[in-house]
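Right, one structure below, let's go through it.
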Amino acid sequence: MTATLDRVDVVRTAPAKGRSRSRARHRLTVLAFLAPAILGFALFFGYPLVATIGFSFTRYDLINPPEWTGLENYAYMFSDELFRTAVANTLWFVVVLTAARVVFALGVASVVARLRSGVGLVRTLCYLPSLAPPVAATLVFFLVLRPNEGPLDAFLGWFGVEGPLWFADPVWAKPGIAAVMLWVSGDLMIIMLAAILDVPRDQYEAAELDGAGAVRRWWHVTLPTISPVLVFGVVNSIILALQLFTQAVVAGSAASGSADVTGSTKVLGFPENSTLTFPVWLYTQGFRYFDMGYASAMATVLFVISFAATALLVQRMRKASHQEES
């Protein structure tokens with residue numbers, strides 16, 4: 001009887017050992033395929049992130065060894081006047097550009113979704129500007145909005161309206177950059193369009209049978225259905241506004257007339273620091289003043305803010321989806 005039980009235990013443990021070995025081989029195979037991506041992530045994201053956080057607690061000029069200073073760089077932010085200016089300009093872009101970009105992309109996508117002919121051509125024309133390089137797109141807008149010489153001022157002149165100085169005016173410089181960002185938001189428009197076209201038709205038909213008009217169907221059917229895509233658009237626009245750099249530098253440089261043939265300029269934030277965004281001031285500290293410790297502290301703050309904003313919006317989206325399901 002004992003020998004029989006021993007044979008049964010052997011029979012039972014043999015397949016278990018075989019399954020564990022198979023799982024181990026499967027995991028090793030998966031890790032082998034993921035190794036290049038994991039190595040690249042660790043080398044080009046993980047290490048720079050950890051190094052940036054470490055340098056943020058030091059005084060480092062890229063020449064001499066880093067010198068530990070503790071929280072000195074973070075404390076200096078509260079007394080840095082240009083830092084506060086850069087934060088205020090960046091917050092302006094976060095609020096205005098995020099709202100305008102999402103509304104603009106959603107509006108264009110809603111119009112394109114209702115077209116019955118020429119949809120492919122219109123969709124292509126709306127998406128093409130997003131393929132333009134940021135420098136080229138900004139320079140095109142600078143030429144269009146050039147005071148007294150641009151096509152827009154010439155058009156306004158036909159009606160006796162004198163246009164502003166646009167990129168040379170502290171009041172209009174940020175709206176001009178926002179206009180550039182709206183013009184190249186075709187990628188978000190395509191995503192919105194795909195979400196709108198994916199709304200089930202039976203929901204529209206049910207709402208129409210209940211007496212809902214076009215506006216109510218759009219408000220009570222379309223928007224709730226595409227809400228995850230709207231959250232994605234908000235998160236994407238916030239991150240884009242927090243990282244706004246190229247357009248601000250090119251617009252300020254072109255308006256000030258200080259850029260040389262290589263595109264380099266010594267004037268950043270023109271006019272009157274109205275285009276001095278957080279990334280521009282970070283770049284200035286790190287690669288103009290070679291204060292890499294302070295620049296690393298600013299980069300750490302920017303990363304924390306971006307991560308917190310994304311996590312908050314995703315959490316609210318999950319809560320909203322759970323409430324709808326319940």
Problem - Cut-off under 5 Å, modelled amide H: who pairs with Arg59 long-range - result: Glu67, Trp68, Thr69
Handout entry: Largest to smallest principal axis extent of the C-alpha atoms in segment 5-162, angstrom
Key = 102, 62, 26
Practice task
Using a 1.4 angstrom probe, figure out how much accessible area the chain has per residue, in square angstrom, rounded to the nearest whole.
Solution key: 61 Å²
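Based on the Cβ-Cβ distance from Glu272 to Ile305, what FRET efficiency comes out when R0 is 30 Å, to the nearest 0.05?
It comes out at approximately 0.75.
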Exercise for the section: Place +1 on the Cβ of every Lys and Arg and -1 on the Cβ of every Asp and Glu in the chain, take the dipole about the Cα centre, and give the residue among Ala100, Val171, Phe141 whose Cα lies farthest towards its positive end. Expected result: Ala100
Exercise for the section: Can you send over the carbon and sulfur percentage of the accessible area for segment 127-228, probe radius 1.4 Å, protein chains only? Expected result: 66 percent
Completion exercise
With +1 on the Cβ of every Lys and Arg and -1 on the Cβ of every Asp and Glu, the dipole magnitude of segment 53-105 about its Cα centre, in debye rounded to the nearest 20, is 300 debye
Handout entry: Which label in (1) 1.38; (2) 1.06; (3) 1.14 gives the computed Cα Rg over 2.2 N^0.38 Å
Key = (1)
Practice task
Give me the number: length gained by fully extending Tyr76 to Ala214, i.e. 0.36 nm times residue separation minus the C-alpha to C-alpha distance, one decimal in nm.
Solution key: 44.2 nm
Problem - For the chain, with +1 on Lys and Arg beta carbons and -1 on Asp and Glu, the positive-most of Trp281, Ala132, Ala37 along the dipole - result: Ala37
Fill in the blank from the handout: In cubic angstrom per residue, the convex hull of segment 130-262 built on its Cα atoms measures 148 Å³
Exercise for the section: Read phi for every residue in segment 85-102 and hand back ³J(HN,Hα) as whole Hz from Karplus 6.51 cos²θ - 1.76 cosθ + 1.60, θ = phi - 60°, with x for Gly and Pro. Expected result: 5, 5, 5, 4, 5, 5, 5, 4, 5, 4, 6, 6, 5, 4, 5, 5, 5, 5
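The values are calculated or read from the model by the stated rules, or taken from the named source; none is laboratory data. Because the structure is a prediction, the values reported are computed rather than measured. Reconstructed Cβ throughout: ideal geometry from the backbone, glycine too, with neighbour counts over all protein chains shown. Areas reflect the complete protein model, heavy atoms only, side chains present, ligands, DNA and RNA absent. Shrake-Rupley method; radii C 1.70, N 1.55, O 1.52, S 1.80 Å.
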